[in-house]
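The structure appears right after this line, and notes come after that.
The values are calculated or read from the model by the stated rules, or taken from the named source; none is laboratory data. Everything quoted here is computed from the prediction, not taken from an experiment. So basically every Cβ, Gly included, is an ideal-geometry build from the backbone, and we count neighbours across all protein chains shown.
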Amino acid sequence: MNVNAMAVANYFIDLSTNSNVELRQFGLMKRVYITHGFCLALLDKSALDPRYDVVEAWKNGPVVPSVYHSFKHNQNNPITEKSIIMKVVGDKFKVETPELKDENIKRVAGAVWKRYLDVDDFEMIKMLHRDGTPWALCYVEGQNRPIPDLYTKTFYKKLARI
């Protein structure tokens, strides 16, 4: 299976479970985006699948809609179950749990997990809303506008140098 936002999200759920740290929807969405940003900057590759995943500037920051829709039923409760997907194989449906297998992206996600472990969800939202962030460059109230990977890559390259 290709790397995609759901595989990255499920990896964070594993990290959450293994660390015995609660993970909620906002925190999950922000960590997936930050991982994507650092992957673009450090690895020169995306942690998302462009066939299914896009980053959009929503009111509460950058969002990958597939992650939001897969976990919105949790509301503000801790996420304890991974997302699954259904695939068509021949004339049947197959249920799969997206799994992150790319070791380099796992390392980046692990570093993001450690770096932001003590940052609460609303601090992450504020952090991603600052002037000059990709979100700030793209957000228009009432619209969910795409955030180009070039903006995200450029921003996270600057952060990686700090």
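A few notes on this one:
- Residue 114 vs. criteria in a helix (DSSP H, G or I) and either free of Cβ contacts under 8 Å to residues at least 24 places away in the same chain or farther than 19 Å from residue 3 by Cα (or both): yes
- In segment 122-158, the qualifying residues are those that are surrounded by 19 or more Cβ atoms within 10 Å (Cβ to Cβ) and of a type in the set (S, T, N, Q), and the one that is nearest to residue 45 (Cα to Cα) is 152.
- Within segment 117-147, the set of residues being aromatic (Phe, Trp, Tyr) and either without any contact (Cβ under 8 Å) to a residue 12 or more places away in the chain or outside any helix (DSSP H, G or I) (or both) comprises just one member, 139.
- Test: residue 66 is farther than 21 Å from residue 143 by Cα and among the polar types (S, T, N, Q): no
- Residues of segment 81-111 that turn out to be within 10 Å of residue 10 (Cα to Cα), in contact (Cβ under 8 Å) with a residue 40 or more places away in the chain and not basic (Lys, Arg), as a count: 6
- When 43, 150 are checked against the criterion of being of a type outside the set (Lys, Arg) and in contact (Cβ under 8 Å) with a residue 24 or more places away in the chain, 43 stands alone in meeting it.
- Qualifying positions in segment 3-37 - over 11 Å from the mean Cα position of the chain (by Cα) and closer than 24 Å to residue 154 by Cα: 3
- Test for residue 101: is it of a type in the set (D, E, K, R) and either touching a helix residue (DSSP H, G or I) at 6+ places or on another chain (Cβ under 6 Å) or modelled with pLDDT under 95 (or both): no
- The conditions of being more than 20 Å from residue 85 (Cα to Cα) and in contact with an Asp or Glu (Cβ under 6 Å, 6 or more places away or on another chain) are not met by residue 61.
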